[in-house]
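For reference, the structure is listed below as structure tokens.
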Amino acid sequence: MAKNTLPSRFRKVDVDEFDENKFVEEHDEATEQQGPDTGEVDNLIRQGDMMSAFHVALRNPPVNSKNPAIKEKAQAVVLRVLTSFKSSDIEPAVKSLDSNGIDLLMKYVYKGFEKPSENSSAVLLQWHEKAFAVGGLGSIVRVMTSRKTI
């Protein structure tokens, strides 16, 4: 009998481990993001510090959360901040964000378009226009193809 001289280590490699579409459910309840701090945002809005309220609202997005109530609460907080801005203050606020912040803002804008409320669509269109001017078409493509939703 001939002895097998070819290596057989390749048969022990789990090829499914390298599949990018493989679903792995991760539960980190302790580190789960709870969304923006509603009390802090409301306090900043009452004080008239819209720029700080804007940054606080975008600071802790619930992108990894599976709880729809947390996502809805975060959307409501961000929408309240966006609708509180004056039209002239939108552009400086958008320009103060980095590219990840602009992508996050676009996610909230599109989420707001899904469930429009009174006069929110007009305000969201203004935010979309300014975010598109800064982030470009790449921002829209990244938001539309992202698997992590808010």
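The values are calculated or read from the model by the stated rules, or taken from the named source; none is laboratory data. What you see is a predicted model, and the numbers here were worked out from it, not measured in a lab. A quick note on method: Cβ atoms are made from the backbone with ideal geometry, for glycine too, and the neighbour counts reach across all protein chains shown. Side chains included, ligands, DNA and RNA excluded: accessible areas come from the protein's heavy atoms. Shrake-Rupley method; radii C 1.70, N 1.55, O 1.52, S 1.80 Å.
Taking the stated definitions as given, is Q47 open to solvent by 80 Å² or more (accessible area, probe 1.4 Å) and modelled with pLDDT of 95 or more?
Criteria met by Q47.
How many residues does region 76-100 hold that are touching a residue at least 24 places away in the same chain (Cβ under 8 Å), surrounded by fewer than 19 Cβ atoms within 10 Å (Cβ to Cβ) and in a helix (DSSP H, G or I)?
9
Would you pick out the residues in region 50-65 that are outside any helix (DSSP H, G or I) and open to solvent by 60 Å² or more (accessible area, probe 1.4 Å)?
Hit for region 50-65 is N64, nothing else.
Being modelled with pLDDT under 95, closer than 19 Å to W127 by Cβ and open to solvent by less than 100 Å² (accessible area, probe 1.4 Å) narrows it down to one of P68, P7, P36, so name that one.
P36
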